[in-house]
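Beneath this line is the structure, given in structure tokens, with notes to follow.
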Amino acid sequence: MAESDAGADQLAGGDGPPPGGGGAGEVSAVTGHSTGTPESHPMRAILPVWLLVSIAGDLLFWFLAGPHIPPGRMTSSAGGAVFDFNVLFVIAWPVVFGVWSYMAYALWHWRASRVPNDPVAGPYSRGHLGVQTAWIVVSTCIVIGVFIFGTVELVVPSGAGSAEGPDPIWTPSSHTVLPIQVIGQQWKWTYRYPTFGGFETTSLVIPDHTTIAFHVTSLDVIHDFWAYQLGVKADANPQQDNVAYTTTEEMGSFVVRCDELCGLWHGAMFNYGRVISKSAFAAWAKRTKAQLAANTKYLPPFQWTYVPDANGADGGYYPDNVDPYSKVEIYGAQKVKL
Amino acid sequence: MARSTRMLIVAAIVLTAAGLATFVGMAFLRSNPPTIDFAANHKAGQAVDIRLQTVGSYGHYPHPTWVTYMTQAPDGKWVHTTLWDLPAHTRINVTIDQYDSGSPLRNQQIGQVEGTIGGYMTLNGKKVKVLDSYAGNGVGHTFSVPTLGINVPLYGNSSSATLCAVAPCSATSSKYPHNTIKFSFMTPGVGQYPWQCFVPCAAGFLYGNSGPMQTIGYMDGFLKVVNT
């Protein structure tokens, strides 16, 4: 950090005498401006403005913009993401504004017309031990604090809507978790409800105020299940059961997109889901189960993953030469965690 | 030869090569199958009839071995395309002659007929709502428009039979076996709606998912819904 204090005692460390002698009341031969009164440290001028704008900006953001930050509060993980974003903004804004204001001060105060000969050494390029120490200490505290905050915010809400793989270590405390299998294939999502007879549908409907365990998998290439307003995002990998938890807190509709470039119609691989009341969900599940019963009986037994390379058009095109007509070999049994 | 002359020759060669590469690249990127206009001369309230066929191998340049859809234009000619202009808010009656073989589905969920008027299709004249892909010849292809919730599985032919291998196949010929699937759906408002086959039917490609499965004009296309 440049030190603008032109006091003679500050210049003794240079290679030679200070420009223009540097004494109080003299006119610098280099800068051409009076050094008669030692300049106060720039931070003293910036600090009050920085403090005021930082507090005002944080308050305005927290109370005016904060409640409207996407993805909203439809689920615990979405609300958690909003809270985390707002906290990070409140921490970041004073830092950003501090850097901006100091940069603006430097641009103005040490502009070429004021310091025509552009000194590259001496008082203008000297450091300030106190400021440097404060900068390092504050930066370290912020980074470590954000690290702890982020870790807690990931662990406590059971992964915060992100995928934890097949063996989640951060599981929800709720004893009633609704499992829903999310199956990606080029290029659509289908959803299987194992606790409702295992029917499979293109509609993702979930009950309000319920903890959901999304078991995400794929039948072909890598997709990514991104239920934006739910704050849930999980890669869909073939033969992998990728689990993500969330708890619904508001009713409404949400969009599901594929967030992994997966081929020609990747951009069209989306659909819409709904969070509805528990009673409406029970009615929907019962109705859908009945509607799809004719096809559900032909579905393979529910498994957490399915082997995708053993089935397809006419068989024989696949590298493992598995008999495509064998129901046993088509769907590889994996652990069941219902 | 003078140094400047040599440099000019090299520059000319480089520029020519770059120009050719650009031309070929742009020609490749801009090449699209033609769009069949089913919206022209359409009168309000009138249904539109479309006839398609699925063939196990196209039989022509540039990909004679690729599986493909074919579209019959209003003038009766078969065209190698999957792009159609359709009138908005109109009943579309689709007839598909399925000449390819079938197999169990990778995901039996697409054995369910969805999104059609009445929620069914007719297979060789019989009303069908669900196809068990493990039974009989299985499913060869699907006609699916995910954004409109439409899915129609197309029953396969026996793979032991001699199948039509060069498009277009003649629906009036008894030489090659085929299944005739009929269904109807309503077009929505103006927009472009991608449609596709959901069976990974690209023979010779890893997991059956590349080649014709990723190429417009073969197993993917657009419903271009327009106002008339």
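At 222 nm, what value in deg cm²/dmol follows for chain B if DSSP H runs of at least 4 each add -39500 (n - 2.57) and the sum is divided by all its residues, to the nearest 500? Don't jump to the answer; show the numbers that get you there.
Values: 1 runs with 28 residues, N = 228.
The helix contribution divided over chain B gives -4500 deg cm²/dmol.
Between segment A:130-158 and segment A:45-103, how far is it from one alpha carbon centroid to the other, in angstrom?
So the two Cα centres are separated by 16 Å.
Might you list the cysteines of chain B that have no disulfide-compatible partner by the rule of another cysteine's Cβ under 4.7 Å?
Lone cysteines by the Cβ rule: B:C197, B:C201.
For segment B:35-226, what's the relative contact order in percent, using C-alpha pairs closer than 8 Å and at least 6 residues apart?
Values: 512 pairs, mean separation 53.6, N = 192.
Once normalised by length, the contact order is 28 percent.
Which of the trypsin sites (Lys or Arg not before Pro) found in segment B:68-115 are in a DSSP loop and have at most 10 neighbouring Cβ atoms, other than their own, within 10 Å?
Details: sites: B:K77, B:R91, B:R106; in loops: B:K77, B:R106.
Passing sites in segment B:68-115 are B:K77.
Please work out the Cα center distance from segment A:236-285 to segment B:172-213, rounded to the nearest Å.
Result: 26 Å between the Cα centres.
How do B:V113, A:V143 line up, fewest other C-beta atoms within 10 Å first? Let's see the in-between values first.
On the way: B:V113 24, A:V143 10.
Going from sparsest to densest Cβ surroundings: A:V143, B:V113.
If one takes the longest principal axis of the Cα atoms in chain B, at what angle in degrees, from 0 to 90 and to the nearest 10, does the Cα axis of helix B:3-30 lie?
With rounding to tens, the tilt is 10 degrees.
Which entries in B:K129/B:K175; A:K297/B:K127; B:K43/B:K224; B:K126/B:K182; B:K77/B:K129 show an alpha-carbon gap greater than 21 Å? Mind showing how you got there, number by number?
Working: B:K129/B:K175 29 Å; A:K297/B:K127 19 Å; B:K43/B:K224 17 Å; B:K126/B:K182 10 Å; B:K77/B:K129 31 Å.
Table pairs above 21 Å Cα-Cα are B:K129/B:K175; B:K77/B:K129.
Between segment A:169-193 and segment B:26-98, what is the separation of their alpha carbon centroids in Å?
Between the Cα centre of segment A:169-193 and that of segment B:26-98, the gap is 38 Å.
Answer with one residue from A:T171, A:A104, A:S76: the one whose Cα lies farthest towards the positive end of the charge dipole of segment A:44-191, charges on Cβ with Lys, Arg +1 and Asp, Glu -1.
Value: A:A104.
Give me the lysines in straight-line cross-link reach of A:K233: C-alpha distance below 22 Å, same-chain residues under 8 apart excluded.
Here the lysines satisfying the reach criterion relative to A:K233 are A:K188, A:K337.
Limiting things to C-alpha atoms, what are the Rg and the maximum Cα-Cα separation (Dmax) for chain B, in angstroms?
21.2, 82
Could you order the peptides A:91-100, B:67-76, A:230-239 from most to least packed, using the average number of other C-beta atoms within 10 Å per residue?
On the way: A:91-100: 15.0, B:67-76: 18.8, A:230-239: 23.1.
Those peptides, ordered most packed to least, come out A:230-239, B:67-76, A:91-100.
How about segment B:115-192: which trypsin sites (Lys or Arg not before Pro) there lie in a loop by DSSP and see at most 14 other Cβ atoms within 10 Å? Present the calculation step by step, with values, prior to reporting the outcome.
Working: sites: B:K126, B:K127, B:K129, B:K175, B:K182; in loops: B:K129, B:K175.
Filter output for segment B:115-192: B:K175.
Each reported figure results from applying straightforward, stated rules to the coordinates on display, with no laboratory input. A quick note: this is a predicted structure, and the numbers were derived from the prediction, not measured. FYI the Cβ positions are ideal-geometry reconstructions off the backbone, even for glycines, and counts take in every protein chain you see.
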